[in-house]
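The values are calculated or read from the model by the stated rules, or taken from the named source; none is laboratory data. Source: prediction; values computed, not measured. For neighbour counting, all protein chains shown are included, and Cβ atoms are generated from backbone atoms with ideal geometry for every residue, glycine included. Just so you know, the surface numbers come from the protein's heavy atoms only, side chains and all, with ligands and any DNA or RNA stripped out. Shrake-Rupley method; radii C 1.70, N 1.55, O 1.52, S 1.80 Å.
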Amino acid sequence: MASTFTELQATLRETLNEDTASFWSTTEIHDILVKGAKDLWRDIVDLKQEHYLRINNTDVYLPSGATQLANVPEDLHKVHLIEPRDVSSTGGFQQVMFTPRKWNHDEFRAARASGTAISPYGEFFYAITGLGSPTGEPPKILVAPSVDADFNVTLAYIANLGPLYAESLVPIPGEADNAIIAWGMAYARAKEREDRMPDPGWLTIYKTEKEHLLQSLGLRQYQEPTIVDGTFQALW
C-alpha cells in the first residue's frame, strides 16, 4: 500500500532534528515532498514504460470541418496513440491512421491546403502545440485534413500528476518512500544552512535511491517476443 504525504511528513519529522517545535511548518514540508515526487515522476516518464498511460475512448473527437481535436484531457503530457474509437471489423475505419508530423512538414502543409473536408479514410496528420498541463490549459492537437462529420477517436496519452494533497497517495511506483524522504531531508535542511542550499549529503542519498528506483522500474515485462519486428517494418 502506497503511503500518503501525511505519513511521509510524519516520517520526515522523526528524522529531522527540530530543536524548536514545528520549526518546519506542515505546508512547508508538504510542498517539499510534492516537489520530490514530481522530480521522480519526470524521470519515470522518460523510462517510457507507460506507468502513467491513460486511454480516453469516450470524450475526444474531431469535429466536422475543424482543424484540432475537441475535449483533449487537461492532464495530457505526451500523446501515445490516436486511433478511431471504433476499430471493429464493421466500423469501416480500418484504413484510418493518425500519424504525427511537424506543423511545417510538406505532407501536413498539403493536407491543410487541400481545402476539402473528407469522410474519415486514409492518413491524417497531427501536431501538438501549446504549453499544456499544469498551466491550466490542455495542449492543442492540430489535425489535417478536416472531416465532413464529427469523428470519434481514442486518445492514449501519458498523464501529468495533477494536484497532490496531504491525504493523496504518493503517485510514484516501486517503493519510492526512501527517495522522497531523502529529498525532503535535503531541501528541509536548507532552512538551517546559511547559504540556504540543500544538504549535499542527503542529496547524494537521494541520487542513489533514485537510481535504484529507476533501475527497478526500467523494464516491466520479461517475456521474450516470439516474433521480432523488422527495422523498417512500420514503413512496409
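Here are the numbers for the structure shown:
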quantity: Matching residues in the range 51-72 - criterion: being assigned to a loop (DSSP other than H, G, I, E, B), open to solvent by 50 Å² or more (accessible area, probe 1.4 Å) and within 29 Å of L219 (Cα to Cα); calculated: N57
quantity: Lone qualifier among L142, L155 - being open to solvent by 20 Å² or more (accessible area, probe 1.4 Å), in a strand (DSSP E or B), at pLDDT 95 or above and touching a strand residue (DSSP E or B) at 6+ places or on another chain (Cβ under 7 Å); calculated: L142
quantity: Scope the range 98-157; condition more than 18 Å from D59 (Cα to Cα), among the hydrophobic types (A, V, I, L, M, F, W, C) and either in contact with a Phe, Trp or Tyr (Cβ under 7 Å, 6 or more places away or on another chain) or in contact (Cβ under 8 Å) with a residue 60 or more places away in the chain (or both); matching residues; calculated: F108, A111, F124, F125, A127, A144
quantity: Residue match in the range 206-221 (condition: polar (S, T, N, Q), loosely packed, with under 11 Cβ neighbours inside 10 Å and without any contact (Cβ under 8 Å) to a residue 60 or more places away in the chain); calculated: yes
quantity: Test: residue in the range 3-10 that is surrounded by 17 or more Cβ atoms within 10 Å (Cβ to Cβ), touching a residue at least 24 places away in the same chain (Cβ under 8 Å) and part of a loop (DSSP other than H, G, I, E, B); calculated: yes
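For every residue, the table says whether it meets (1) at pLDDT 95 or above; (2) of a type in the set (D, E); (3) assigned to a loop (DSSP other than H, G, I, E, B).
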| residue | (1), (2), (3) |
| --- | --- |
| E74 | no, yes, yes |
| Q95 | no, no, yes |
| Y126 | yes, no, no |
| E137 | no, yes, yes |
| E167 | yes, yes, yes |
| P171 | yes, no, yes |
